[in-house]
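The values are calculated or read from the model by the stated rules, or taken from the named source; none is laboratory data. On a predicted model such as this, the values are computed, not experimentally measured, just so you know. Glycine gets a Cβ as well: all are built from the backbone with ideal geometry, and neighbour counts include every protein chain shown.
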Amino acid sequence: MLCDAVFRDRERSVARYNAFRRALLLIPISKWEDLTDDAESIKTLREVYGNDVEELDLLVGLMAEKKIKGFAISETAFIIFVVMASRYA
């Protein structure tokens, strides 16, 4: 299912993870360790994307991203939530 979602995102020209973070005025990652502390995830990311963090798909990045301490979501997901919530306030 995740593969289907990534494929649809690519078909629809959804921005890659770092491009999306830049659009939100967040600092992009420069290495996999900026994204996650999980060694197995880093190994898998390297197998799929090599060392090119700019190719990281948005959905994959959102799922792998470190959670904010004390929160159940990551920084990027939190900013998306804030932006969406402010539109309905």
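Filtered by the rule that a residue be part of a helix (DSSP H, G or I), without any contact (Cβ under 8 Å) to a residue 40 or more places away in the chain and surrounded by fewer than 19 Cβ atoms within 10 Å (Cβ to Cβ), region 52-63 gives E54, E55.
Summed over region 1-51, the residues that are of a type in the set (K, R), loosely packed, with under 10 Cβ neighbours inside 10 Å and assigned to a helix (DSSP H, G or I) give a count of 0. Going residue by residue through region 68-88, is there one that turns out to be modelled with pLDDT under 95, part of a loop (DSSP other than H, G, I, E, B) and surrounded by 12 or more Cβ atoms within 10 Å (Cβ to Cβ)? Yes, because at least one residue in region 68-88 is modelled with pLDDT under 95, part of a loop (DSSP other than H, G, I, E, B) and surrounded by 12 or more Cβ atoms within 10 Å (Cβ to Cβ). Figure legend. Inter-residue proximity from region 13-41: first residues without any contact (Cβ under 8 Å) to a residue 12 or more places away in the chain and farther than 14 Å from D57 by Cβ, second residues in a loop (DSSP other than H, G, I, E, B) and not aliphatic (A, V, I, L, M), beta-carbon distance below 8 Å, spacing 6+ or different chains. Indicated pairs: R22/P28.
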